[in-house]
Amino acid sequence: MSALTTPLLPEDFLTLFDPLWSTTSLRGRVVARRRETDRAVSVTIEPGRAWAGHRAGQYVGIGIDVDGVRYRRSYSLSSPETAEHLTVTVQEVPGGVVSTELVRNVPIGTVVELEQAAGGFTLPDPLPGRLLFVTAGSGITPVMSMLRTLAAAAAPMPDIVLVHSARTPQDTIFAAELAGLAARHPSLRVVQRHSGVTGRLDPASLDAAVPDRAARTVYACGPDGLLDALTDAWDDVVVERFTPPARESEGTGGTVELGDSTVEVQPGQSLLEAGESAGKIMPSGCRMGICFGCVLPLREGRVRDLRTGQAHGEPGDLVQTCINSACGPASIDLP
Amino acid sequence: MTATLDTTVTDSEPGPEETGLVRQPQRPLLELVPSTRRADVQATTALTAEQIEELGRRLDAIRDRVLDERGASDAAYIRDVIGKQRALEIGGRALLFAGVLPPAWIAGTAMLSIAKILENMEIGHNVMHGQWDWMRDPKIHSSTWEWDNVSSSAEWKHSHNYLHHTYTNVVGKDRDVGYGILRLSEEQRWTPYYLGNPLYNFLLSLFFEYGVALHDLEVEKVAAGEKSWSRVWQQVKSIGRKTGRQVFKDYLAFPALAGPFFLPVLAGNLTANVVRNVWSHAVIFCGHFPAGAVQFSEEQLADESRGEWYVRQLLGSANLDGGRFFHLMTGQLSFQIEHHLFPDLPSNRYAEIAPEVRSLCEEYGLEYTSGPLWKQYLQVLGTINRLALPNGKR
Ligand SMILES: Cc1cc2nc3c(=O)[nH]c(=O)nc-3n(C[C@H](O)[C@H](O)[C@H](O)COP(=O)(O)OP(=O)(O)OC[C@H]3O[C@@H](n4cnc5c(N)ncnc54)[C@H](O)[C@@H]3O)c2cc1C
Ligand code: FES
């Protein structure tokens, strides 16, 4: 068939009729939007045929055009594993390009680029006997997918405590649905906290609220401050971070050859950002140093880790472009 | 002023001292080889180095403004052109299946020809220039695009984007000057071979895509020891593969699908490919070689400043006049001057900045060469005929 369409692929013509028919690039179409709070919206996306489904707690990479330019970001799925369409719940980051677009503007029918679901913030099989979920702000999204999946399953709801914090009651994503789930499932206890009223979550107040905390497997998702405090205080906390780890801006920047062109990397800027702003198509995933979806081979020179400020790298090393900046001239191969 | 052939032919080859005449006393700006436009050359050198740099800054400002404004409407433009081009191709091929009926054959062939021209000119050429890379759409990106042409996009990006756009109209460097087949400049030593200049041009025009592909081979570099035969062989294989696929698709697969109507489909596809070749040859030759465009010597390249680079691009290129559809069909190469100044700005913006570039040229006394296609093409043919004979005499 492709002999008839060379140098294009058959799908380049088929997708004139429906962009979702693509078999080489996964896409989705926005089919519904639901306002959750003043700052948050759930966006439901019908995925193309190649979508392989997700496990509760995983995130999806979404590429969306804002003023003609494609931006790629990760969003945890809030929909249950069984849902036909996927849903992400996005909370606006002030000044943020993609979150603002998704929360305020994106019209129904918009076609977005999708990556297959990824991430290891998932429940083990068999389930632990007792669970504690600690979430804050938009950090509720992956846990919501877990709870919705468990609620839809035939097996009874395991013994779960969810402590969820948001600024105010009005600002709490899924407040009503969480209360409803708790009412229907006696083994699920939901504690809703409001940082604007009672202050932020911390390990001590959580220990007070959940006396058997030490006997529970803990999953936490929220701002870095909370996650850092939890991992410092308790052992074996499974965390999911939405924000890139704090960055040293000690990086000196430099001129980097990316594939066949030359890119100026600013001090403190990641190679990924620098490449993208120069119009390069860069592989990426979580954009925060976890997934290794962004690694590229270093051909010459060294790079600087933005988290530690350390310069590192040998020719041939695979470097994560999302958390490394330049330190002087270097050259990196593009796929 | 558009120089005509009769008035501008120089009677004798000037000696080296005479060539030096075009240098400014205080500073060598643009060193030009003797060409058909010596009068205009003198006009350019009337600019001081400061004026040339100022012009460079003002052109940079135009570029920065367009970069700043680039956005959703530009993205919509290229997606729309790509969508229409593919629809035309599907429609054209479908109509050709009914090609035993003459009106269907004519309409189908016309649609397919237009589709092929759009694919090469407005889409392929411009996407490969990286004009749309800023959208970061992997489907419309210079690193992923492959076009319907026997020259692979990787080879083309080297010979065209790099060699031609860097060394525009520098005889001996810009391999587009004559494509290694024709004599397009007095600087090229005449041999009896060039008596065939008009014939070679005619054949090049019919088989332009093959000419371009072979030209990418840079065979003359092998003789000079700058290139290995194995590299040439690698390229030949790539051209062979692409040619094979194209020949199979246009001259076997689609005609065969039409069953009893094999021949009309074959003829339609062949016609469309030839129309595309002749058209792109004409547009491309009018971009640099009508009497108005200037050619340069290699010395010009040494220590060339940003401003001088701009001026060389300006004087080496010529625009074509026409309406919106005409500009689209030339892939906006009718704005050759703007394209050479800003090869990576989205093509849909050239029309908008052309008046600004033109008035800058007027202000600085630089010739902005422009004319209708037929007129420019006649001039190109005139030059080609004239240079078939030694010393450019008729
Ligand atoms: C695995 C993973 C899952 C995620 N899941 C969700 C989710 O379910 N819901 C959701 O709303 N977001 C989620 N995010 C965050 C999301 O990917 C984006 O980072 C966020 O929407 C901001 O993107 P933006 O384009 O709007 O901001 P940008 O334009 O990229 O940034 C604007 C400014 O905000 C800062 N900033 C960027 N991201 C954050 C952040 N997360 N918190 C605070 N400041 C930030 C930047 O440093 C910058 O100064 C997740 C991130 C990851 C890595
Ligand atoms: S994008 Fe995930 S590690 Fe870089």
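The strands (runs of 3 or more DSSP E) located wholly in region A:227-298 that include 3 or more residues which are within 12 Å of ligand 1 (Cβ to nearest atom) occupy A:237-241.
If you check A:Gly63 against the conditions, is it over 30 Å from B:Gly240 (Cα atoms), among the small types (Gly, Ala, Ser), at the interface with chain B (Cβ under 10 Å from one of its Cβ atoms) and buried (at least 19 other Cβ atoms within 10 Å of the Cβ)? Walk me through how you get there before you give the answer.
Details: over 30 Å from B:Gly240 (Cα atoms): yes; among the small types (Gly, Ala, Ser): yes; at the interface with chain B (Cβ under 10 Å from one of its Cβ atoms): yes; buried (at least 19 other Cβ atoms within 10 Å of the Cβ): yes.
So A:Gly63 fits the description; yes.
Taking the numbered list (1) closer than 28 Å to B:Lys116 by Cα; (2) of a type outside the set (Gly, Ala, Ser); (3) in contact with a helix residue (DSSP H, G or I) (Cβ under 9 Å, 6 or more places away or on another chain); (4) free of Cβ contacts under 8 Å to residues at least 60 places away in the same chain in turn, B:Lys237 passes all entries but (3).
Only residues that are buried (at least 19 other Cβ atoms within 10 Å of the Cβ), within 8 Å of ligand 1 (Cβ to nearest atom) and not acidic (Asp, Glu) were counted across region A:99-121, and they come to 4.
Taken as a whole, region A:134-151 holds at least one residue that is more than 22 Å from the chain's Cα centre (by Cα) and either assigned to a loop (DSSP other than H, G, I, E, B) or not aromatic (Phe, Trp, Tyr) (or both). Within 14 Å of chain B (Cβ to nearest Cβ) and part of a strand (DSSP E or B) - does that describe any residue in region A:18-25? Within region A:18-25, not a single residue is within 14 Å of chain B (Cβ to nearest Cβ) and part of a strand (DSSP E or B).
Remark: pairs (first residue in region A:89-115, within 14 Å of another protein chain (Cβ to nearest Cβ); second residue more than 12 Å from ligand 1 (Cβ to nearest atom) and of a type in the set (Val, Ile, Thr); Cβ separation under 7 Å; 6+ apart in sequence or on different chains) = A:Val106/A:Val30; A:Thr110/A:Val30; A:Val112/A:Val30; A:Val112/A:Ile45.
For the structure I just gave you, tell me whether A:Leu131 is surrounded by fewer than 23 Cβ atoms within 10 Å (Cβ to Cβ) and assigned to a strand (DSSP E or B).
On the way: surrounded by fewer than 23 Cβ atoms within 10 Å (Cβ to Cβ): yes; assigned to a strand (DSSP E or B): yes.
In short, yes.
Restricted to region A:26-54, and to residues there that are touching a Leu at 6+ places or on another chain (Cβ under 8 Å) and part of a loop (DSSP other than H, G, I, E, B), the residue that is surrounded by the most Cβ atoms within 10 Å (Cβ to Cβ) is A:His54. Any residue at all in region B:114-121 that is under 30 Å from A:Val263 (Cα atoms) and away from chain A (no Cβ under 14 Å)? For region B:114-121, residues under 30 Å from A:Val263 (Cα atoms) and away from chain A (no Cβ under 14 Å): present. What number of residues within region A:198-247 satisfy the criterion of being under 13 Å from A:Val161 (Cα atoms) and among the hydroxyl-bearing types (Ser, Thr, Tyr)? So the answer is 2.
For region A:62-81, indicate whether the set of residues that are under 16 Å from A:Ser145 (Cβ atoms), more than 14 Å from ligand 1 (Cβ to nearest atom) and either assigned to a loop (DSSP other than H, G, I, E, B) or modelled with pLDDT of 95 or more (or both) is non-empty. Yes: region A:62-81 contains one or more residues that are under 16 Å from A:Ser145 (Cβ atoms), more than 14 Å from ligand 1 (Cβ to nearest atom) and either assigned to a loop (DSSP other than H, G, I, E, B) or modelled with pLDDT of 95 or more (or both). In the set (1) among the charged types (D, E, K, R); (2) part of a helix (DSSP H, G or I); (3) surrounded by fewer than 20 Cβ atoms within 10 Å (Cβ to Cβ), the condition left unmet by B:Glu146 is number (2).
Considering A:Thr172, A:Thr122, A:Thr168, which residue is in contact with a Gly (Cβ under 7 Å, 6 or more places away or on another chain), among the β-branched types (Val, Ile, Thr) and touching a residue at least 60 places away in the same chain (Cβ under 8 Å)? Lay out the reasoning, then the answer.
Numbers: A:Thr172 fails: in contact with a Gly (Cβ under 7 Å, 6 or more places away or on another chain); A:Thr168 fails: touching a residue at least 60 places away in the same chain (Cβ under 8 Å).
Unique residue meeting the criteria: A:Thr122.
Being over 21 Å from B:Asn277 (Cα atoms) and within 14 Å of chain A (Cβ to nearest Cβ) is the filter here, so list the residues in region B:92-112 that pass it.
If the condition is that a residue be over 21 Å from B:Asn277 (Cα atoms) and within 14 Å of chain A (Cβ to nearest Cβ), then B:Ala94, B:Phe97 are the ones that fit.
Could you check region B:132-173 and list, in sequence order, the residues that are of a type in the set (Lys, Arg) and more than 14 Å from every other protein chain (Cβ to nearest Cβ)?
B:Lys173
Whenever a residue of region B:120-146 is more than 16 Å from B:Val212 (Cβ to Cβ) and modelled with pLDDT of 90 or more, its partners that are among the acidic types (Asp, Glu) and outside any helix (DSSP H, G or I), lying with C-beta atoms within less than 6 angstrom and at least six residues away or across chains, give the pairs B:Gln131/B:Asp344. Within region B:222-239, can one find any residue that is over 22 Å from B:Asn169 (Cα atoms) and within 14 Å of chain A (Cβ to nearest Cβ)? Scanning region B:222-239, I find at least one residue that is over 22 Å from B:Asn169 (Cα atoms) and within 14 Å of chain A (Cβ to nearest Cβ), so the answer is yes. Checked against (1) over 30 Å from B:Pro260 (Cβ atoms); (2) in contact with a Lys or Arg (Cβ under 7 Å, 6 or more places away or on another chain), B:Leu112 passes all but a single condition, namely (1).
Considering region A:273-321, the residues that are within 14 Å of ligand 2 (Cβ to nearest atom), within 14 Å of chain B (Cβ to nearest Cβ) and among the small types (Gly, Ala, Ser) include one that is nearest to the chain's Cα centre (by Cα), namely A:Ser284. Within region B:154-172, if we keep just the residues that are within 23 Å of B:Ser317 (Cβ to Cβ) and of a type in the set (Gly, Ala, Ser), the residue that is surrounded by the fewest Cβ atoms within 10 Å (Cβ to Cβ) turns out to be B:Gly172. Against the condition in a helix (DSSP H, G or I), at pLDDT 90 or above and under 30 Å from A:Leu4 (Cα atoms), how does B:Phe325 come out, does it pass? So B:Phe325 fits the description; yes. Counting the residues of region B:328-365 that are out of contact with any Asp or Glu (no Cβ under 6 Å at 6 or more places or on another chain) and not in a helix (DSSP H, G or I) gives 8.
With of a type in the set (Val, Ile, Thr), within 19 Å of A:Ala182 (Cα to Cα), more than 16 Å from ligand 2 (Cβ to nearest atom) and in contact with a His (Cβ under 8 Å, 6 or more places away or on another chain) as the only criterion, which of A:Thr135, A:Thr149, A:Thr141 stands out?
Values: A:Thr149 fails: in contact with a His (Cβ under 8 Å, 6 or more places away or on another chain); A:Thr141 fails: in contact with a His (Cβ under 8 Å, 6 or more places away or on another chain).
Sole residue among the options that is of a type in the set (Val, Ile, Thr), within 19 Å of A:Ala182 (Cα to Cα), more than 16 Å from ligand 2 (Cβ to nearest atom) and in contact with a His (Cβ under 8 Å, 6 or more places away or on another chain): A:Thr135.
The values are calculated or read from the model by the stated rules, or taken from the named source; none is laboratory data. Predicted, not measured: the structure shown is a model, and the values here were computed from it. Ideal geometry is used to build each Cβ from the backbone, glycine not excepted, and the neighbour counts take in all protein chains shown.
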